[in-house]
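Quick notes on the structure that follows.
Throughout, read-outs are computed from the coordinates displayed, never taken from laboratory work. Because the structure is a prediction, the values reported are computed rather than measured. Positions of Cβ are backbone-derived with ideal geometry, glycine not excepted, and every protein chain shown enters the neighbour counts.
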Amino acid sequence: MAVASGDESARTVVVALLANLGIVVAKLTAALITGTTAMFAETVHAAADTGNSLLLLVAQRQSDRPAAPSGLSRGREAYFWALLAAIGVFVVGAVLAVYEGVRALLDPSPAESFVVAYVVLAVAFFLDLVSFLRARRQLSSEAHTRARGLLEQVRVTSDPTTRAVFTEDAAALTGNVIAATGIALQQATGSATPDALASIGIGIVLGAVAVFLVERNRDFLVGQEVGPAGKERISKFIAGWPGVVAVRNLIAIYTGPDEIVVIARVDIDDSLDGAAVEHLVSDIERELRAREPSISRVDVVPTG
């Protein structure tokens, strides 16, 4: 359970933010010139990504604030702000994109200057790809360290910022392809229906991303436990310590990105005196934190 670099996550978000800012301007200009609904939906999509990146930077900053008087970190603030981003930004973007698609189906309008749309979508695809590959590289490195697959790492990582950037960029790449397909079919057929359906499709993609991110951030906000393999490793380490008879109960829960609190109830050898028990407890807590840098706090509670 190696600690992910907060600076690395912040740089990943900044790259995504800068890319999205340029994409919003380009897509908005293309939407005004071409009049295509799919390009407008992609403008909304890019604006949602930009708003999401801003909130993720807030999440990163807030979670790095000094710990509370109790000694616990404020890491869960990252999940709070990431949850707000998923609900307030992606959901609004999804609704707007679907609304514009339905409106275009009921009241179609002509489009023109298709070349402008293609050029802008190609540039946007390239910028989104740069941001996506950076997030993918960070997640792949973390997945390799933990002997996981990339998609599993995206799902279980405790870092909400990198997960959000990866999924939003994957959705952006998909949205660019959907928009280009809808515009090409409109140009070929002369019908505005494919363009409108593309806008609805982009809205559905945004909605799917929102649901996934809301679910994962909710899980970590209310208390996501470490996976079975991680808990088993911690339990074996404690159970193998001289003087420990058995581990009766173990709680290992995330309190922030790559921050874990461990509470263990253990049976202690009855022959140990009070001083020996104190040393045993403090030694376990110190060594466990040294072995597992993600663990920020360990409370060993002797029983029996």
Residue-wise, which Karplus ³J(HN,Hα) couplings in Hz belong to segment 168-185, taking 6.51 cos²θ - 1.76 cosθ + 1.60, θ = phi - 60°, and x for glycine or proline?
-> 5, 6, 4, 5, 5, 4, 5, x, 4, 5, 4, 4, 4, 5, x, 5, 4, 5
Indicate, rounded to the nearest 5 percent, the antiparallel portion of the DSSP beta bridges found entirely in segment 228-303.
-> 55
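Rounded to the nearest 20 debye, what is the charge dipole size of segment 113-233 about its Cα centre when +1 sits on each Lys and Arg Cβ and -1 on each Asp and Glu Cβ?
On the way: 11 positive and 11 negative charges, 72 e Å.
It works out to roughly 340 debye.
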Quick note on 50, 36, 193, ordering by fewest other C-beta atoms within 10 Å, gives 193, 50, 36
For the chain, the charge dipole (Cβ of Lys, Arg +1; Cβ of Asp, Glu -1; about the Cα centre) points to a positive end, and the Cα of 298, 227, 167 closest to that extreme belongs to 167
Total charge dipole magnitude, the chain, about the Cα centre, Cβ charges on Lys, Arg, Asp, Glu only, Debye to nearest 20 | 260
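Run lengths n ≥ 4 of DSSP H only: what is the helix-derived mean residue ellipticity at 222 nm for the chain, with -39500 (n - 2.57) per run over all residues, to the nearest 500?
On the way: 10 runs with 210 residues, N = 304.
Counting only the DSSP helices, I get -24000 deg cm²/dmol.
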Mind listing the long-range amide H neighbours of residue 294? Cut-off is under 5 Å, sequence gap 5 or more, other chains count too, H placed in the peptide plane at 1.01 Å from N.
-> 3
Among 96, 114, 210, the residue whose Cα sits farthest towards the positive end of the charge dipole of segment 6-222, when +1 is placed on the Cβ of each Lys and Arg and -1 on the Cβ of each Asp and Glu, is 210
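Considering Cα pairs under 8 angstrom that are at least six residues apart, work out the relative contact order of segment 228-303 and quote it in whole percent.
Values: 111 pairs, mean separation 23.3, N = 76.
Relative contact order for segment 228-303 comes out at 31 percent.
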For segment 49-58, what does the Karplus curve 6.51 cos²θ - 1.76 cosθ + 1.60, with θ = phi - 60°, yield as ³J(HN,Hα) per residue in whole Hz, taken in order and with x for Gly and Pro?
-> 4, 5, x, 5, 5, 4, 5, 5, 5, 4
Residue by residue through segment 207-224, which ³J(HN,Hα) values in whole Hz follow from phi under the Karplus form 6.51 cos²θ - 1.76 cosθ + 1.60 (θ = phi - 60°), with glycine and proline marked x?
-> x, 5, 4, 4, 4, 4, 5, 4, 4, 5, 5, 4, 4, 6, 5, 7, x, 7
Counting only DSSP beta bridges with both residues in the chain, what percent are antiparallel, rounded to the nearest 5?
-> 60
The chain: relative contact order from alpha carbon pairs under 8 Å, six or more residues apart, as a whole percent, is 22
Magnitude of the Cβ-charge dipole (Lys and Arg +1, Asp and Glu -1) of segment 228-303 about the Cα centre, nearest 20 debye, reported as 300
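With the Cα gyration tensor of segment 59-210 giving a ≥ b ≥ c as the square roots of its eigenvalues, does the rule (a/c under 1.5 for rounded; else a/b larger than b/c for prolate; else oblate) give rounded, prolate or oblate?
It comes out prolate by the Cα gyration axes.
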Per-selection Kirkwood Rh - the chain (Cα, Å, 1 d.p.) = 21.2
